[in-house]
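Structure first, commentary second.
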Amino acid sequence: MQGTVDYSLIALQPDPDSEEFWAAAREQRLLVRACSDCGQRWYPPAPLCPRCRSFNLEWHEAEGRGVIASYVVVAHSVLPAFRPAAPYVVALVELPDCANEDGEPVRLAGLLLDGEEAAGVGVAVEVAWEEAPDGAYTVPAWRAVATPEGAPVWRLDAELERSEAPA
């Protein structure tokens, strides 16, 4: 079982491209960048569209549900804030409601709060919010939810299996 992250050790400094993302996170809203000209969506936020190079940008509010596309178990953290949590899981989550016209998914990485037992490629997750102790910022993280029955789930310690993720 993983411990908790000591967010008091992290001095988050949003830049002009991410400040709206972090402001929305404080309100427990998940945003991804979107191009007003071509409709491309992406994360992390950048000052111009990676597809058409337009500066005409907006934000798309994501539903906050997705599927783990990849993950890693971190056994030895080099960041002091994460040391009490080790071992912990960082999941790369595909957000289906943010997919682009060409099918390219938008993916967002974050801590899987359920730990290694719940991690698996194909596991359904939803956004969960972790707040810094002083309330200075809120961080999106992920929680496993029931994966549809029969959906393939791949775990590091097993072959492809058909199971439900722990709720």
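Only one of the numbered conditions (1) out of contact with any helix residue (DSSP H, G or I) (no Cβ under 8 Å at 6 or more places or on another chain); (2) under 19 Å from ALA124 (Cα atoms); (3) of a type in the set (A, V, I, L, M, F, W, C) is not met by ALA86, and that is (2). Taking the stated definitions as given, is ALA25 closer than 26 Å to ALA136 by Cβ and either of a type in the set (Phe, Trp, Tyr) or in contact (Cβ under 8 Å) with a residue 60 or more places away in the chain (or both)? Considered against the rule, which asks whether it is closer than 26 Å to ALA136 by Cβ and either of a type in the set (Phe, Trp, Tyr) or in contact (Cβ under 8 Å) with a residue 60 or more places away in the chain (or both), ALA25 comes out as yes. Note on segment 21-44: residues that are over 17 Å from ASN100 (Cβ atoms) and of a type in the set (Phe, Trp, Tyr) amount to 2. Per the conditions (1) more than 23 Å from VAL145 (Cα to Cα); (2) part of a helix (DSSP H, G or I), the sole criterion not satisfied by PRO44 is (2).
For residues that are without any contact (Cβ under 8 Å) to a residue 24 or more places away in the chain and of a type in the set (S, T, N, Q), tally how many sit in segment 96-121. Looking only at that region, the number is 0. Answer yes or no: is there a residue in segment 70-77 that is surrounded by fewer than 13 Cβ atoms within 10 Å (Cβ to Cβ), more than 19 Å from ALA132 (Cα to Cα) and touching a Pro at 6+ places or on another chain (Cβ under 6 Å). So far as segment 70-77 goes, yes, one or more of its residues are surrounded by fewer than 13 Cβ atoms within 10 Å (Cβ to Cβ), more than 19 Å from ALA132 (Cα to Cα) and touching a Pro at 6+ places or on another chain (Cβ under 6 Å). In the list VAL106, VAL89, VAL125, which residue meets the criterion of being under 26 Å from ASP37 (Cα atoms) and surrounded by 15 or more Cβ atoms within 10 Å (Cβ to Cβ)? Matching residue, one of VAL106, VAL89, VAL125: VAL106. The set of residues in segment 39-69 that are surrounded by 15 or more Cβ atoms within 10 Å (Cβ to Cβ) and among the polar types (S, T, N, Q) contains only GLN40.
Looking across segment 40-70, the residues that are touching an Asp or Glu at 6+ places or on another chain (Cβ under 9 Å) and within 17 Å of ALA141 (Cβ to Cβ) come down to PRO44, ALA62, GLU63, GLY64, ARG65, GLY66, VAL67, ILE68, ALA69.
The set of residues from segment 9-35 being outside any strand (DSSP E or B), of a type in the set (A, V, I, L, M) and in contact with a strand residue (DSSP E or B) (Cβ under 7 Å, 6 or more places away or on another chain) comprises ALA24, ALA25.
Throughout, read-outs are computed from the coordinates displayed, never taken from laboratory work. Here the structure is a predicted model, which means the values were calculated and not measured. Cβ sites come from the backbone with ideal geometry, for glycine too, and all protein chains shown count toward neighbours.
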